[in-house]
Amino acid sequence: MAYPYQIASLLQYHEFYKKSVEDPEGFWGEVAENFQWRRKWDSVINWNFKEPKIEWFKGAKLNITENCIDRHLPAKAGEPAIIWEPNNPEERTRVVTYARLHKRVCQFAQVLKNNGVKKGDRVCIYMGMVPELAYAVLGCARIGAIHSVIFGGFSAQSIADRLEDAQATFIVTCDGAYRGNKDIPLKSVIDDALIGNKIVKKVIVYTRTRTPVSMIKGRDVWWEDEMEYAETQVEKEGVVSFPAEEMDAEDPLFILYTSGSTGKPKGVVHTCGGYMVWTNYTFVNVFQYKPGDVHFCTADIGWITGHSYIVYGPLSAGATSLMFEGIPTWPDAGRFWEITEKHKVNILYTAPTAIRSLMGFGEQPIQGKDISSLNTLGTVGEPINEEAWHWYDEHIGKKTCPIVDTWWQTETGGILISNLAGVTLSKPGWATLPLPGVQPVIVDENGKEVTEKDEDGMIKGNLCIKAPWPGILRTTYGDHERCRLNYFATYENLYFTGDGCMKDEDGNYRITGRVDDVLNVSGHRIGTAEVENAINMHTGVVESAVVGYPHDIKGQGIYAYVIYNGRMQDMDQIRKDVNQTVSRIIGPIAKPDKIQFVSGLPKTRSGKIMRRILRKIAEGEVSNLGDTSTLLDPAVVDEIKNGKI
């Protein structure tokens with residue numbers, strides 16, 4: 001077996017899980033032996049959730065890029081590390097071998113050094129989905145700089161806020177980016193973000209779209225010029241080398257900003273050793289990766305999914321990772337399936353949002369595409385509704401591919417709860433079982449563990465974790481108290497996920513949505529995901545989002561935003577039909593009080609619906625929605641506001 005720690009059977013899962021809980025030091029010490037360390041650890045884990053203070057592999061020295069690249073070179077130099085599929089299907093695909101990746105990362109590390117970047121400096125990366133984004137990320141890691149990737153759809157103000165928070169002194173960007181039929185002017189957005197900025201020293205600009213850009217003397221330099229010069233420095237007599245900086249296991253690897261309940265983004269910090277072990281372990285086990293498989297994660301590297309399952313997880317496992325610049329519906333809704341056929345993709349990992357969007361186009365875009373290479377499907381970003389699960393299973397997996405329904409967060413670094421492809425059982429709409437090392441507990445509002453089942457035989461409450469796993473966040477950058485208050489102060493000695501969940505008699509977990517997305521209607525607790533699942537079962541409904549709003553009699557009413565692509569001759573009748581569907585699936589108590597038909601929902605690039613915005617609109621707070629420029633399509637918010645019932 002290529003990975004000695006890969007779980008091969010349900011029996012072995014239970015054995016490994018038991019050991020991970022009873023002897024975490026022994027269990028994770030054994031797993032970590034499979035990586036390349038400059039110095040071994042003094043202790044595997046030290047922790048308390050009170051401060052919080054968490055250390056994994058204390059005293060160990062390593063560089064994560066040696067584990068993602070260098071150690072694979074003897075056996076895999078000529079094998080593909082990254083396959084890049086451009087936005088325009090007529091443009092040439094690029095295949096980046098492990099040898100080529102090594103050379104480019106060494107070159108870019110030299111570029112950073114030439115421009116004054118040092119270990120511990122924060123480097124903001126604001127690029128489209130091109131291989132150079134991966135080179136930039138890994139180049140930072142190679143010299144010990146802390147990268148902070150910002151998704152290429154964020155506004156200048158959002159970037160300025162993040163630059164300020166991270167005190168970033170260097171930026172890597174592109175002139176522009178392609179996304180579907182749009183050209184996004186990245187460099188000009190960076191220029192706007194830097195108005196008044198006094199700390200950024202250099203901006204390195206990669207040429208992608210040939211959009212005219214302003215280059216400021218002394219600050220802005222071209223990627224191509226810098227790389228050409230660096231090539232002569234790192235390559236001597238055909239040998240490429242750039243010494244990787246020795247890092248402590250607990251040194252920060254990156255900062256990734258995630259939206260907070262206050263609206264101010266939180267800079268989640270992940271460290272070198274534990275994050276490396278966790279992303280590799282979860283990648284190999286959840287997807288049951290086999291050497292030679294082509295893994296296609298459709299996320300953007302601007303989000304945690306791309307960090308963990310396009311870059312660090314796959315590359316540390318010596319895998320082939322497919323990186324896609326475009327969107328699933330351009331130039332038509334068959335793009336994913338064309339890519340799958342073209343590159344013989346084995347593993348497809350995407351968001352329920354994408355699946356529901358593609359469902360709306362029917363089966364025609366799939367016809368004539370050979371997607372028989374697929375052996376594993378996955379979903380990420382939000383709970384998948386059962387209708388979408390079954391469509392994915394039937395039309396894409398042909399009922400022969402396991403679907404891994406993965407639950408995790410930016411803060412967790414990698415997958416925490418999921419079935420393992422073909423090894424543990426799947427259950428539509430359920431994340432199922434925790435991975436080894438993950439100890440979930442369901443508590444009530446007072447933090448007391450819920451042990452009694454309800455009338456449906458379920459244990460329901462708020463999802464917490466009672467011990468750390470290697471990929472857990474260590475802090476929020478520059479504000480450790482915010483980390484404590486957000487994640488460790490709600491319930492004593494527990495990491496609070498912010499999600500509600502239920503557990504069945506077999507120990508399977510189903511995420512019901514954010515706790516603030518759980519409605520209390522006439523004393524009944526109803527998960528928004530549950531209502532959405534029911535609404536989405538109605539024929540003609542593409543997608544929905546449900547929030548609560550103040551109701552004079554019930555306490556909270558249910559407000560549903562619905563994307564509908566059926567015939568809309570009698571909207572009142574359609575509302576009645578949708579309510580009848582919900583009533584039939586959940587019960588009359590869950591029927592939405594208001595249904596607003598919309599053309600789209602406010603979403604981040606990762607597919608997360610920003611329910612905070614929808615909740616405020618439903619509550620009538622339309623003048624204080626916060627920054628909407630970070631959304632995939634900010635214009636949709638005005639349409640929803642104007643159509644409020």
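The values are calculated or read from the model by the stated rules, or taken from the named source; none is laboratory data. Please read all numbers here as calculations on a predicted model, not as lab measurements. Virtual Cβ from ideal backbone geometry, glycine too; neighbours counted across all protein chains shown.
From the list T353, T305, pick out the single residue that is closer than 21 Å to M127 by Cα and surrounded by 23 or more Cβ atoms within 10 Å (Cβ to Cβ). Spell out the reasoning first.
On the way: T353 fails: closer than 21 Å to M127 by Cα.
Only one candidate passes the filter, namely T305.
Only one of these is touching a residue at least 40 places away in the same chain (Cβ under 8 Å) and more than 24 Å from G273 (Cα to Cα): G461, G478, G471. Name it.
Details: G478 fails: more than 24 Å from G273 (Cα to Cα); G471 fails: more than 24 Å from G273 (Cα to Cα).
Only one candidate passes the filter, namely G461.
Which members of the range 455-513 meet the condition of being β-branched (V, I, T) and in a loop (DSSP other than H, G, I, E, B)? Steps first, please.
So the first thing to find is which residues in the range 455-513 are β-branched (V, I, T), and the list is 459, 465, 472, 475-476, 490, 497, 511-512.
Residues satisfying the conditions are I472, T490.
Tally up the residues in the range 301-327 that are within 19 Å of the chain's Cα centre (by Cα) and either closer than 12 Å to I83 by Cβ or assigned to a loop (DSSP other than H, G, I, E, B) (or both), please. Walk me through how you get there before you give the answer.
As a first pass, look at the range 301-327 and keep what is within 19 Å of the chain's Cα centre (by Cα): 301-317, 319-327.
This time we only want the ones that are either closer than 12 Å to I83 by Cβ or assigned to a loop (DSSP other than H, G, I, E, B) (or both), so: 301-303, 310, 314, 317, 319-327.
Residues in the range 301-327 being within 19 Å of the chain's Cα centre (by Cα) and either closer than 12 Å to I83 by Cβ or assigned to a loop (DSSP other than H, G, I, E, B) (or both): 15 in total.
Kindly indicate which of F254, F151 is in a loop (DSSP other than H, G, I, E, B) and touching a residue at least 12 places away in the same chain (Cβ under 8 Å).
Testing whether each residue is in a loop (DSSP other than H, G, I, E, B) and touching a residue at least 12 places away in the same chain (Cβ under 8 Å) leaves just F151.
Under 9 Å by Cβ, and 6 or more places apart or on different chains, what pairs join a residue from the range 437-450 that is over 29 Å from Y275 (Cβ atoms) with one that is surrounded by fewer than 17 Cβ atoms within 10 Å (Cβ to Cβ)?
V450/D444
Could you list all residues from the range 272-300 that are closer than 17 Å to Q409 by Cβ and in a loop (DSSP other than H, G, I, E, B)?
If the condition is that a residue be closer than 17 Å to Q409 by Cβ and in a loop (DSSP other than H, G, I, E, B), then A299, D300 are the ones that fit.
Looking only at the range 439-448, how many residues end up being acidic (D, E) and at pLDDT 95 or above?
Initially, the range 439-448 is screened for residues acidic (D, E), giving 444-445.
The next check asks that each one be at pLDDT 95 or above; those that pass are none.
Residues in the range 439-448 being acidic (D, E) and at pLDDT 95 or above: 0 in total.
State whether one or more residues within the range 624-639 are modelled with pLDDT under 85 and more than 27 Å from A354 (Cβ to Cβ).
yes
Name, by its number, the condition in (1) touching a Ser or Thr at 6+ places or on another chain (Cβ under 8 Å); (2) buried (at least 21 other Cβ atoms within 10 Å of the Cβ); (3) in contact (Cβ under 8 Å) with a residue 40 or more places away in the chain that does not hold for V423.
The single condition V423 does not satisfy is (2).
Just a yes or no: is a residue in the range 278-298 within 14 Å of the chain's Cα centre (by Cα) and farther than 29 Å from E33 by Cα?
Yes; the residues of the range 278-298 include at least one that is within 14 Å of the chain's Cα centre (by Cα) and farther than 29 Å from E33 by Cα.
Being assigned by TED's automatic domain parsing to the domain that holds I143, over 24 Å from the mean Cα position of the chain (by Cα) and more than 20 Å from G128 (Cβ to Cβ) narrows it down to one of V221, V213, V239, V205, so name that one. First the steps, then the outcome.
Values: V221 fails: more than 20 Å from G128 (Cβ to Cβ); V213 fails: more than 20 Å from G128 (Cβ to Cβ); V205 fails: more than 20 Å from G128 (Cβ to Cβ).
Exactly one residue qualifies, and that residue is V239.
Take N87 and decide whether it is more than 30 Å from P328 (Cα to Cα) and among the polar types (S, T, N, Q).
Numbers: more than 30 Å from P328 (Cα to Cα): no; among the polar types (S, T, N, Q): yes.
Taking the combined requirement at face value, the residue does not satisfy it.
Touching a Phe, Trp or Tyr at 6+ places or on another chain (Cβ under 8 Å), surrounded by fewer than 23 Cβ atoms within 10 Å (Cβ to Cβ), on the phi < 0 side of the Ramachandran plot and at pLDDT 95 or above, is that true of F324? First the steps, then the outcome.
Numbers: touching a Phe, Trp or Tyr at 6+ places or on another chain (Cβ under 8 Å): yes; surrounded by fewer than 23 Cβ atoms within 10 Å (Cβ to Cβ): yes; on the phi < 0 side of the Ramachandran plot: yes; at pLDDT 95 or above: yes.
Answer is yes for this residue.
Only one of I563, I574, I595 is under 30 Å from Y349 (Cβ atoms), aliphatic (A, V, I, L, M) and outside the structural domain of I355 (by TED's automatic domain parsing); which?
Working: I574 fails: under 30 Å from Y349 (Cβ atoms); I595 fails: under 30 Å from Y349 (Cβ atoms).
Every option except I563 fails the conditions.
Could you go through the range 169-186 and let me know if any residue there is assigned to a loop (DSSP other than H, G, I, E, B) and in contact (Cβ under 8 Å) with a residue 60 or more places away in the chain. Let's see the steps before the verdict.
Taking the range 169-186 and keeping what is assigned to a loop (DSSP other than H, G, I, E, B), we get 169, 175-176, 180-181, 185.
Still in the list and also in contact (Cβ under 8 Å) with a residue 60 or more places away in the chain: 180-181.
Yes: one or more hits.
For the list (1) buried (at least 23 other Cβ atoms within 10 Å of the Cβ); (2) more than 20 Å from C272 (Cβ to Cβ); (3) touching a His at 6+ places or on another chain (Cβ under 9 Å), I need the number of the one condition that V294 fails.
Result: V294 fails condition (1) only.
For the range 190-204, give me each residue that is assigned to a strand (DSSP E or B) and in contact with a helix residue (DSSP H, G or I) (Cβ under 6 Å, 6 or more places away or on another chain). Can you show your working first?
Step one: of the range 190-204, the residues assigned to a strand (DSSP E or B) are 202-204.
Matches in the range 190-204: I204 only.
If we only count strands (runs of 3 or more DSSP E) wholly inside the range 533-645, which ones have 2 or more residues that are touching a residue at least 60 places away in the same chain (Cβ under 8 Å) and of a type in the set (V, I, T)? Full working, then the answer.
Working: elements: 541-551, 555-564, 594-598.
Answer list for the range 533-645: 541-551.
Determine whether the range 90-97 contains at least one residue that is under 30 Å from D183 (Cβ atoms) and aliphatic (A, V, I, L, M).
For the range 90-97, residues under 30 Å from D183 (Cβ atoms) and aliphatic (A, V, I, L, M): present.
Considering the range 342-384 alone, what residues qualify as being more than 16 Å from F296 (Cα to Cα) and either among the basic types (K, R) or touching a strand residue (DSSP E or B) at 6+ places or on another chain (Cβ under 8 Å) (or both)?
Within the range 342-384, T353, R356, S357, M359, G360, K369, E382, P383, I384 qualify.
Quick check: anything in the range 343-357 touching a Cys at 6+ places or on another chain (Cβ under 7 Å), touching a residue at least 24 places away in the same chain (Cβ under 8 Å) and of a type outside the set (V, I, T)?
Yes: the range 343-357 contains one or more residues that are touching a Cys at 6+ places or on another chain (Cβ under 7 Å), touching a residue at least 24 places away in the same chain (Cβ under 8 Å) and of a type outside the set (V, I, T).
Within the range 381-397, is even one residue touching a residue at least 12 places away in the same chain (Cβ under 8 Å), among the hydroxyl-bearing types (S, T, Y) and outside the structural domain of I586 (by TED's automatic domain parsing)? Full working, then the answer.
Initial filter on the range 381-397 (touching a residue at least 12 places away in the same chain (Cβ under 8 Å)): 381-393, 395-397.
Now restrict to residues that are among the hydroxyl-bearing types (S, T, Y): 392.
From what's left, outside the structural domain of I586 (by TED's automatic domain parsing): 392.
Yes; the residues of the range 381-397 include at least one that is touching a residue at least 12 places away in the same chain (Cβ under 8 Å), among the hydroxyl-bearing types (S, T, Y) and outside the structural domain of I586 (by TED's automatic domain parsing).
Take the residues in the range 13-25 that are in a helix (DSSP H, G or I) and without any contact (Cβ under 8 Å) to a residue 12 or more places away in the chain; name whichever of them is surrounded by the fewest Cβ atoms within 10 Å (Cβ to Cβ).
Taking the range 13-25 and keeping what is in a helix (DSSP H, G or I), we get 13-22, 24-25.
Restricting the remaining residues to those that are without any contact (Cβ under 8 Å) to a residue 12 or more places away in the chain gives 14-15, 18, 22.
Values: H14: 14, E15: 13, K18: 12, E22: 9.
The extreme case among them is E22.
Which of the residues spanning the range 132-146 are more than 14 Å from I64 (Cβ to Cβ) and either of a type in the set (A, V, I, L, M) or assigned to a loop (DSSP other than H, G, I, E, B) (or both)? Outline the logic, then answer.
Step one: filter the range 132-146 for residues more than 14 Å from I64 (Cβ to Cβ), giving 132-133, 135-136.
Listed by number, the residues that qualify are L133, A136.
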